[in-house]
1. Roughly how far apart, in whole Å, are the Cα centres of region 91-112 and region 145-167?
2. Evaluate E = 1/(1 + (r/R0)^6) for residue 122 and residue 194, where r is the Cβ-Cβ distance and R0 equals 22 Å; express this FRET efficiency to the nearest 0.05.
3. Report the FRET efficiency, 1/(1 + (r/R0)^6), for residue 109 and residue 143, where r is their Cβ-Cβ distance and R0 is 22 Å, rounded to 0.05.
4. Using only the alpha carbons, work out the radius of gyration and Dmax of region 245-307 in angstrom.
5. Sorted by average packing, counted as other Cβ atoms within 10 angstrom per residue and highest first, what order do 315-328, 261-274 take?
6. Separation between the residue 235 and residue 154 pseudo-spin-labels, each 7 Å from Cα along Cα→Cβ, expressed in nm?
7. Could you derive backbone 3J(HN,Hα) for region 130-144 from the dihedral phi with the Karplus parameters 6.51, -1.76 and 1.60 (θ = phi - 60°), listing whole Hz in sequence and x where the residue is Gly or Pro?
8. List every residue whose amide H lies under 5 Å from the amide H of residue 116, counting only residues 5 or more places away in sequence or on a different chain, with H placed 1.01 Å from N in the peptide plane.
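Readers should treat all values here as calculations from the given coordinates under stated rules, not as data from a laboratory. The structure presented is a predicted model; accordingly, all values stated were derived computationally and were not measured. Cβ sites come from the backbone with ideal geometry, for glycine too, and all protein chains shown count toward neighbours.
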Amino acid sequence: MSSKDLENDLTRVLGRAAESAPQAPSDLPTQVMGRSRRRRTHTLTAVTALAAAGVVAVAGGVTLSVRGPQEPPPVAVNPGPTPTAEQATDPGPVEKVWPDAVWKIPQQSRKLRPVIFIDDHTLLLETWASHEKADALYAYELETGQTRKITDIRTPKGVYASAFTAGAGRIFWQTIEDTRTRLWSVPISGGKPAVVPTDTPIRQGADKLVVAGDRLTFSAFRTGGVFTVPVEGGAVTPVENAGRHHILSWPWVGTPGEYTPNQEPSFEELYNVETGELSKALVRPGDRYVRCGVTTCVGQNAAGKPFFRLRDGSQERELEESAMHGLSQDRFMTVHPPGRDQALVDLMTGKSGDLGLRPDAKGRMTSVQPGLTNDRLVWYELKGELVIIDLARIMSS
């Protein structure tokens with residue numbers, strides 16, 4: 001078996017075998033991460049142990065400081081009903097369930113890979129010189145189907161562009177070389193990449209970059225800590241009261257971050273850097289693999305049953321299967337229990353859409369795993385096309 005097959009096997013095991021295989025700990029992504037990237041590269045660690053379960057498959061796609069009250073209630077949401085058996089087993093095609101949120105783009109001879117939404121109508125795409133090594137960026141206009149080159153990216157061997165974000169009329173990203181992290185930007189209209197100058201060296205890679213007004217914000221991947229720098233460059237300033245935090249969904253930052261080496265609940269404590277609001281998720285005795293968003297949490301209870309609930313512990317209900325990577329946008333996950341086709345599920349409404357993915361002749365299938373840091377974009381390849389799903393459009397429909 002090739003290393004690519006092993007990598008693919010691992011991803012599907014994580015996504016599909018949550019119930020039938022031994023449960024993976026919440027820190028598994030940390031254990032198998034080779035480097036911090038937007039779509040981080042899995043190493044082969046833990047593949048053998050997981051493969052022993054008998055599952056085989058293919059992989060799928062803020063200066064601010066205000067203190068608020070200590071324990072305000074989290075933002076209220078109104079989850080919809082648990083999807084019925086009929087909805088779960090026989091959902092309609094995703095493009096028919098949410099027609100205003102799905103696009104299909106013909107793949108080109110040199111593969112284009114979606115990165116982020118630049119805005120509501122424009123998608124950022126990249127091409128690779130080699131595995132995950134971006135060498136060019138493109139803008140794709142969803143309404144017209146036109147593709148426009150933004151820039152070329154040149155990085156030394158072993159150095160990768162990652163953590164792309166957009167705002168203030170520019171695309172931003174980082175590169176990490178030895179112990180030095182550099183921030184880069186290019187106008188969305190096109191041009192040559194330029195370093196964002198900083199007054200002090202940045203020694204840790206960012207797990208997320210976000211543009212907030214006229215500042216670029218980022219959080220340190222391993223130790224946490226949230227920082228800002230003007231989009232044109234300047235002083236790197238730590239955000240007060242966020243010294244161990246990671247960006248979840250700006251302006252919400254939290255601790256622990258997405259990866260929890262000691263199996264702590266992910267983003268159990270949240271802090272709104274703009275309002276000072278605090279939120280601590282309720283975790284019941286015996287809960288495991290808990291992954292929280294701004295308003296909701298998922299995990300497994302003491303009986304080993306997957307659950308979904310609000311951060312304050314209310315409106316809890318059992319899920320059909322585990323959301324091992326957390327929920328995207330606090331409400332979306334994919335389900336693919338044995339004998340059924342993979343579907344995207346909106347836990348707030350109970351609606352689900354068939355992604356059209358089927359096992360190949362060897363029984364392998366691409367696994368699509370939206371999660372805590374996937375934001376609004378979900379994408380995968382299907383029959384020579386890129387299928388693009390905008391979760392934000394589903395939420396606003």
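1. 23 Å
2. Numbers: r = 21 Å, r/R0 = 0.96.
Efficiency, from the Cβ-Cβ distance: 0.55.
3. Details: r = 24 Å, r/R0 = 1.10.
It comes to 0.35.
4. Considering region 245-307 through its Cα atoms, Rg and Dmax are 11.8, 39 Å.
5. 315-328, 261-274
6. Calculated label separation equals 3.5 nm.
7. 7, 3, 6, 9, 5, 10, 7, 10, 9, 10, 10, 8, 5, 6, 9
8. 124
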